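Worksheet: the structure to be examined is printed underneath.
The values are calculated or read from the model by the stated rules, or taken from the named source; none is laboratory data. Fair warning: this is a prediction, and the values are worked out from it, not measured in the lab. Note: ideal-geometry Cβ built from the backbone for every residue, glycine included; neighbour counts use all protein chains shown. Surface accessibility is based on the protein's heavy atoms, side chains included, excluding ligands, DNA and RNA. Shrake-Rupley method; radii C 1.70, N 1.55, O 1.52, S 1.80 Å.
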Amino acid sequence: MVSMSGVLELEDVRHVYRQGKQSLEILKGVDLRIMPGEIVALIGPSGAGKSTLLHICGLLETPTSGSVAVSGVSCAGLPDAGRTALRRDNIGFVYQYHNLLPEFSALENVLLPAYIAGTNPADAKARAMSLLETLELGHRIAHRPAELSGGEQQRVAIARALINRPQLLLADEPTGNLDPNTAGVVFKQLLEVVRKTGLAALIATHNAELADRMDRKLSLRDGKLLQLASFTHAGG
């Protein structure tokens, strides 16, 4: 567990998209540190670059300049294999759309990343079952995605993101495809499991009510991060 430094640290991160002779600067010197057990909301208008920032944090894109460190490991100069291993072992992703494999059951979808990581099958199954029970899906483990509701599918996706015990969770509008009541239930369970495991989380959302339930709110505007508020939670 990272203690003295942040699980995620960005320093002066800049990102420019170039098309021919034109260039568009999306990120203009972003500094960010997220500590273990901290849940941070990322808000901002559509097109502000939230997904780009999450992709950089998740090592899916390389910034034009600046430094990124995950779990104390600097990503500068890491080869593709090193970035892949760091991402696999330390980062969990949850997207707006669950992206479950339709031919596999809920349990099998959760198990896949663990098998890819080489986890002992018995240990992986015990971990997957525990996560699904925590997310109140113990009775749905044999069901395929088409047999699950939207909220259930997203909870399976959350379990899948956590199966390899990451230190960092990145979520891009994780409840954006759900009705308000279901979104509230799923988000409550997401916060509970994140706080229980003590990992760091950066969650992009347009939902102001959900953002208010996190520890900090950061707004991405004009390529810069601004801290809007800070909260103290006793838990859950």
Practice task
Determine the gain in length on full extension of the stretch Met35-Lys125; use 0.36 nm per residue of separation and subtract their C-alpha separation, reporting nm with one decimal.
Solution key: 29.5 nm
Problem - Within the chain: Cβ-based charge dipole about Cα centre, in debye rounded to nearest 20 (Lys, Arg +1; Asp, Glu -1) - result: 260 debye
Fill in the blank from the handout: Carbon/sulfur accessible area of the chain, % of total, 1.4 Å probe, equals 51 percent
Practice task
Hand me the trypsin sites (Lys or Arg not before Pro) from segment 1-110 located in a DSSP loop with no more than 16 other Cβ atoms within 10 Å, in residue order please.
Solution key: Lys21
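Calculate how large, on average over all directions, the projected area of the Cα convex hull of the chain is; give the answer in nm² to one decimal.
Value for the chain: 13.4 nm².
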Practice task
Would you kindly derive the ³J(HN,Hα) couplings of segment 113-124 from the backbone phi angles with the Karplus curve 6.51 cos²θ - 1.76 cosθ + 1.60 (θ = phi - 60°), listing them in order in whole Hz, with x for Gly and Pro?
Solution key: x, 5, 5, 4, 7, x, 5, 3, x, 5, 5, 4
Problem - Entries of Lys125/Lys188; Lys50/Lys188; Lys50/Lys125 with Cα pairs more than 28 Å apart - result: Lys50/Lys125
Completion exercise
Per residue, accessible area of segment 35-138 with a 1.4 Å probe, heavy atoms of protein chains only, in Å², comes to 45 Å²
Completion exercise
Quick shape summary for segment 100-236, equivalent ellipsoid via Cα gyration tensor, semi-axes whole Å in descending order, reads 28, 17, 14
Completion exercise
Helix 180-197 sits off the longest principal axis of the Cα atoms of the chain, rounded to the nearest 10 on a 0 to 90 degree scale, by 90 degrees
Problem - Compactness of segment 14-107 as Cα Rg over 2.2 N^0.38 Å, two decimals - result: 1.25
Handout entry: Mean residue ellipticity (222 nm) of the chain, computed from DSSP H runs ≥ 4 via -39,500 (n - 2.57), nearest 500
Key = -10000 deg cm²/dmol
Practice task
Determine the gain in length on full extension of the stretch Glu147-Tyr97; use 0.36 nm per residue of separation and subtract their C-alpha separation, reporting nm with one decimal.
Solution key: 16.4 nm
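Which peptide among 157-163, 196-202 comes first, and what is the full order, when sorted by highest mean count of other Cβ atoms within 10 Å?
157-163, 196-202
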Exercise for the section: Tell me the Kirkwood hydrodynamic radius of segment 137-208 in angstroms, computed as one over the mean inverse distance between distinct C-alpha pairs. Expected result: 12.8 Å
Fill in the blank from the handout: Plugging the Cβ-Cβ distance of Glu61 and Ser5 into 1/(1 + (r/R0)^6) at R0 = 35 Å yields, to the nearest 0.05, a FRET efficiency of 0.95
Practice task
Calculate how steeply helix 80-90 sits against the longest principal axis of the alpha-carbon atoms of the chain, using the helix alpha-carbon long axis, and give the answer as 0 to 90 degrees to the nearest 10.
Solution key: 50 degrees
